[in-house]
1. Quick check on region 141-154: of everything there that is under 17 Å from the mean Cα position of the chain (by Cα) and outside any loop (DSSP other than H, G, I, E, B), which residue is nearest to I214 (Cα to Cα)?
2. Does region 71-93 hold any residues that are closer than 25 Å to D185 by Cα and either polar (S, T, N, Q) or free of Cβ contacts under 8 Å to residues at least 24 places away in the same chain (or both), and which are they?
3. Exactly one of (1) surrounded by fewer than 20 Cβ atoms within 10 Å (Cβ to Cβ); (2) modelled with pLDDT under 95; (3) in a helix (DSSP H, G or I) is unmet by M108. Its number?
4. Mind checking whether some residue in region 223-246 is under 17 Å from G90 (Cβ atoms) and not in a strand (DSSP E or B)?
5. Could you list, in sequence order, the residues of region 21-43 that are assigned to a helix (DSSP H, G or I) and out of contact with any strand residue (DSSP E or B) (no Cβ under 8 Å at 6 or more places or on another chain)?
6. Of everything in region 54-74, what is surrounded by fewer than 17 Cβ atoms within 10 Å (Cβ to Cβ) and part of a loop (DSSP other than H, G, I, E, B)? Give them in sequence order.
7. Would you pick out the residues in region 15-59 that are in contact (Cβ under 8 Å) with a residue 24 or more places away in the chain and over 22 Å from A227 (Cα atoms)?
8. Select from region 151-205 the residues that are without any contact (Cβ under 8 Å) to a residue 40 or more places away in the chain and basic (K, R) and write down the one among them that is nearest to K244 (Cα to Cα).
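The values are calculated or read from the model by the stated rules, or taken from the named source; none is laboratory data. Being a predicted model, the structure only gives us computed values, none of them experimental. As a convention, Cβ positions derive from the backbone with ideal geometry for all residues, glycine included, and neighbour counts pool all protein chains shown.
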Amino acid sequence: MSAGSKVAIVTGAGTGVGRATALALVKDGYAVALAGRRREPLEATAALAPAGARTLVQPADVADPASVRALFDATVSAFGRVDVVFNNAGTGAPAIPLEELSFEQWRMVVDANLTGVFLGIQNAFRVMKDQNPRGGRIINNGSVSAYAPRPNSAPYTATKHGVLGLTRSAALDGRKYDIAVGQIDIGNAATDMTERMTGGVMQANGTMAPEPRIDADHVARAVVYMANLPLDANVLNMTVMATKMPFVGRG
């Protein structure tokens, strides 16, 4: 099946990496369902797509089972199937000491980053195992935080470690349905979420230092590469990061 006849769902498609990836998939010929909590940013993403692009604006809350199910059902209704799911939506908590975090702040991050990815995987399995041709690809947005934490990042780091476990479990469980599951781990993509890094972010030794960032389009191209592989090949994990960010090494 050529990219021009494939269908993708991108969550968190209204901003940042989600927007960049949705537009990259559209430009590669995909029909793309744009999902996110707010309609206006999704419509802004759709407006940036080339003339004639096939897009579906579908507001959805990834932490709500009924909302995620409706997203997949609307996509199948509009485009006939689902070939690629990019579970991208996520959030973080304030960078405050772990002992000062409220339960509500913890729960908000877990709901978006971990439960949201689980529900995306579960609904992708539901659709992909019964469609014809069978199967598809799921790409989860992890983070370099799936391997190493920043100071004061317990909820975000815990959920991204959880995404890594979900990716590996789903990669195993998806084999019998011809569903390939992989994860892209991003280090400092230039988005609104990482804007503060240009002015300084806390390092492991307690000092503050600015960090380099990379254009989100580099991440988008990597996701398109993963998406376009035949289903008998899979990128289980890929790290795309700013070359000089302080991830590799001792600190």
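1. V144
2. N87, N88, T91
3. That leaves (2) as the condition not met.
4. yes
5. Hits for region 21-43 are L23, A24, K27, E40, P41.
6. Correct list: R54, D64.
7. Correct list: R37, R38, E40, P41, A44, P59.
8. For region 151-205, the residue satisfying everything is R196.
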